[in-house]
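Trainee: Here it is: the structure, laid out below.
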Amino acid sequence: MQKKFMKQALKEAQKAYDKLEVPVGCVIVKNDIVIARAHNLKETKFDTTKHAEILAIQKASKKLQSWRLLDCDMYVTLEPCSMCAGAIINSRIKNLYFGAFDKKTGAAGSVFNLFEDYTFNHKVEVCSGLLQPECEKILKDFFKELRKSKK
């Protein structure tokens, strides 16, 4: 079941790729049903806060009519940054599944771990490396193509 939802997050990442956005996709699931999906829109919207995770949290909150996303799981193709990790904790997401590690800004273990190294009023369970090869590939392909176009 988890792979099924990460594949949907990968479809969102492809939408970002097609818009020349860093290809990160996210879905939020409750009771085995996708309630929100999103992809990066930082470049399109000229807004650094338009990460896939933030946009998905906003959509899920609107759908549930609550900022508390209790019993919801998030699937995201790239390890969340500190901004997104904070939003995940604050929105009370139950489980976080991510694919690729982000060695430059990852806040779930790569640079530091906001989910384990600090004590907050809510604990998110984290599972890393879900469909990691596929999640890494779309990012590598994107940046390889971007470097080619700049030559």
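Trainee: Inspect all residues belonging to segment 15-22 and state whether any of them is of a type in the set (Lys, Arg), in contact (Cβ under 8 Å) with a residue 24 or more places away in the chain, touching a strand residue (DSSP E or B) at 6+ places or on another chain (Cβ under 7 Å) and under 22 Å from Glu145 (Cβ atoms).
Mentor: There is at least one residue in segment 15-22 that is of a type in the set (Lys, Arg), in contact (Cβ under 8 Å) with a residue 24 or more places away in the chain, touching a strand residue (DSSP E or B) at 6+ places or on another chain (Cβ under 7 Å) and under 22 Å from Glu145 (Cβ atoms).
Trainee: Can you name the number of the only condition in (1) within 12 Å of the chain's Cα centre (by Cα); (2) at pLDDT below 95 that Met1 fails?
Mentor: Looking at each condition in turn, Met1 falls short on (1).
The values are calculated or read from the model by the stated rules, or taken from the named source; none is laboratory data. Please read these numbers as outputs of a predicted model, since none were measured by experiment. Positions of Cβ are backbone-derived with ideal geometry, glycine not excepted, and every protein chain shown enters the neighbour counts.
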